[in-house]
Structures are given as C-alpha cells and as structure tokens.
Amino acid sequence: MTMIFENLPTTPRSEELIDKAFSRAARSGRAKSGHEAQTSMLQTASNILSDNMENVVTAWPDFDTVDPFYYELADAIVDVDELRQHLSQVTWASRKTHDLGREYMGKLPRGDTDGAIKIRKQGFARMGSVLNQVEDDLAAISEARDALKTLPDIRPDEPTVVVAGYPNVGKTAFVNELTNARNETAAYPFTTKGVRIGHVERDHIRYQLVDTPGLLDRPADERNEIESQAVSALTHLADVVLYVYDASETCGYELDDQRALHREIADRFDVPILTVCNKADLSTGVETDLTMAIPEHADGDDLGDGVEAVLDELVDAIDYELELPFDG
Ligand SMILES: Nc1nc2c(ncn2[C@@H]2O[C@H](COP(=O)(O)OP(=O)(O)OP(=O)(O)O)[C@@H](O)[C@H]2O)c(=O)[nH]1
Ligand SMILES: [Mg+2]
C-alpha cells in the first residue's frame, strides 16, 4: 500500500477544460460539414468535459473507507466535508455537460447549416456556463490535492512506534541510529520541522519509527487546532510509544517537566508506552524501563541497555499488542 493521496493527478482548471474541449471539438468538426460537423463538435466537447470531470472525482479515495489516520490528517488540512461537496459539484457538472451534449445534438436542424451552427454555439455556451459554475470547486479540489500530496508516506498498516519526548533528548538520534541515515524526512504540514520516518525489519516484518518533532513536546492547551488533530491522527497510528527521557537535563528541560509530558502522552495514547533514559553516558538518574546511549556519544561501557535492546523491547511490545507471531 502506498500513501493514498500520492497518486492524485493534477486537477485541471475550468478554463483549461473549456479550451481543451472546444479546440478538440473544432478539430473534429473540420473534416466534416453541415449537420454532421456540428454533431461531432457537440459530442466531442461534451465527452471531453464530462470524462475529464469524472476522472477528477474518481481519482479520490472513498472517504468512508479511508484509514482513520489519513482521514484525520486530511481533515486537518482540507476539511473533508467541504472537499466532498466540491467533488459532488464536479460530479454534477460532469453529468450536466454530458446531458447538454445529447440535448443540443437532438436540437440540431437538418439541411440548415447556419441554423445548426447557431444551435451548436448555444450548446457550447451552456456547457461553458456549467464550467464557470464549478470553477471554484475545481480550484478547491486542486488546492486540496496539492496539500495532501505533501503528507508523509506513513503507512497505517505497518506496525508503528511513535517516538516522543522533549526536544533534544535524542529522539532523532535514536531513529537515525536504527534506520541508517537514509531516513525519509517528509514535509509535515503541522509543524515547521518535518516528520522523520524510519523503517527497520525484524523477522521479515517491517516496523515503522515515527519521529515527531514539535508535535508531542508541548502541552495540549498550547497546540493549535490543526496540531491537535495531527496528534489525534498519531494516536490512531501508534502501536507502541517510546517515551525518551534525558536524565542529564542537557536537553534543557527539567525531569519534572519531562515526567509531566510523559503522563500527558500516557493519558492521550491508548497503547503501551515504553520509557527509556537516553544519554546514559551522562546520567541514568530516572526510573525508566530501559537505558541507552547513542553509540557515537558513548565510550566503552556506558551504553546502558543499548539502542538495539530498546528496539527489541519495542518489537516485543508491538508483537504482543498485535498478536504477531513470536519467533522461537
Ligand atoms: N551525550 C549524549 N548526547 C546525545 C545522545 N543522544 C543524542 N545526543 C545529543 O543530543 C542532542 C539532541 O539530539 P536529537 O536526536 O537531535 O534530539 P531530538 O529529541 O530529536 O530533538 P528535537 O528534534 O529538537 O525534538 C544532539 O546534540 C545529540 O548529539 C546520547 O546518548 N548521549
Ligand atoms: Mg529530532
């Protein structure tokens, strides 16, 4: 499964569609004459308009069956109810241009070329006015498409660790260490910092590590609405949360504050939370499930349980939670 909004095609503007439809229609009429030429023009124009608008709509996933993670993300950015209304307007316009084509073809007089041209022009004018009516809808769909395409390629169907904690505690260092530096950083519309997604494989199962800078490190009442929704989306996604402490407080946050954020995340997420004290080379003075130090900072024996051991615990917690087959 790929990110569901990844392959949305560009959405044409009303004017582009009209230009395309009428110029193709002119071309198709050129080789013919009289009644036949005008019929061909009406048919070509209405088919192009109707088909292109239908394609705009069918490119979108059915929001009733979209994974809740993506639904919430999409809704935070574009307001899904409004988007659906725009899409249904375009569906209407697609049918209407189709019907207008048939209606005006039926009205074309025989043996009266000037009369036929006049009727065909009336048909074109009606189609043009339908396209004007959905100009704003097409523009809004186009904007939504551009915004949603920037969503990170997070896969709701993969077992997922959400890495949380105050800034500078070493969340990114942990994700990088495990996923070698080829991590995919994607623009994330909710923070200025971007989200980092790493993948690790254990026993042929791919696990997803989501680093969440600037999203989970502030109290809920300081988040704006969009960020809150993004956090809520993350709660759908996480199978386990890794909460990272920095007992050395070199991150710049006191342990009491770190504990308070831990409690808040525990309240918010309905999944197991594993705690780790990072920077074990500097201090381990906090009660956590595990301790670790990122190898580049640790000389010799100060590694605590180590990064790999933390991953093992996370994988066990997820496997237990999701009832994945244990090895051995
Ligand atoms: N001494 C020591 N320093 C560490 C360790 N892990 C990370 N650091 C350092 O701590 C600083 C912050 O690490 P990051 O991984 O960027 O922290 P972060 O939690 O991702 O921070 P934000 O992205 O701002 O939320 C960096 O300078 C790291 O080199 C560790 O185990 N020991
Ligand atoms: Mg970071």
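Conditions tested, residue by residue: (1) within 16 Å of ligand 2 (Cβ to nearest atom); (2) closer than 30 Å to V240 by Cβ; (3) surrounded by 21 or more Cβ atoms within 10 Å (Cβ to Cβ).
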{"site": "G123", "(1), (2), (3)": "no, no, yes"}
{"site": "G128", "(1), (2), (3)": "no, no, no"}
{"site": "Q133", "(1), (2), (3)": "no, no, no"}
{"site": "D136", "(1), (2), (3)": "no, no, no"}
{"site": "S142", "(1), (2), (3)": "no, no, no"}
{"site": "R145", "(1), (2), (3)": "no, no, no"}
{"site": "V162", "(1), (2), (3)": "yes, yes, yes"}
{"site": "G165", "(1), (2), (3)": "yes, yes, yes"}
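Screening the candidates V286, V315 for the property of being touching a residue at least 40 places away in the same chain (Cβ under 8 Å) and either within 19 Å of L216 (Cβ to Cβ) or open to solvent by 30 Å² or more (accessible area, probe 1.4 Å) (or both) yields one hit, V286. Restricting attention to the stretch 201-224 and to residues that are more than 22 Å from D257 (Cβ to Cβ) and free of Cβ contacts under 8 Å to residues at least 60 places away in the same chain, the residue that is nearest to the chain's Cα centre (by Cα) turns out to be V210.
Residues checked against (1) closer than 30 Å to L215 by Cβ; (2) open to solvent by 40 Å² or more (accessible area, probe 1.4 Å); (3) under 30 Å from the mean Cα position of the chain (by Cα):
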site: L8; (1), (2), (3): yes, no, yes
site: A45; (1), (2), (3): no, no, no
site: I48; (1), (2), (3): no, no, yes
site: V57; (1), (2), (3): no, no, yes
site: Y71; (1), (2), (3): yes, yes, yes
site: D75; (1), (2), (3): yes, yes, yes
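Tell me the residue from N180, N176 that is modelled with pLDDT of 80 or more, open to solvent by 10 Å² or more (accessible area, probe 1.4 Å) and under 21 Å from V310 (Cβ atoms), please. Exactly one residue qualifies, and that residue is N176.
The number of residues in the stretch 148-157 being more than 16 Å from ligand 2 (Cβ to nearest atom) and surrounded by 15 or more Cβ atoms within 10 Å (Cβ to Cβ) comes to 5.
The values are calculated or read from the model by the stated rules, or taken from the named source; none is laboratory data. This one's a predicted model, so the numbers in the text were calculated from it and none came from an experiment. Please note: Cβ atoms are built from the backbone with ideal geometry, for glycine as well, and neighbour counts cover all protein chains shown. Just so you know, the surface numbers come from the protein's heavy atoms only, side chains and all, with ligands and any DNA or RNA stripped out. Shrake-Rupley method; radii C 1.70, N 1.55, O 1.52, S 1.80 Å.
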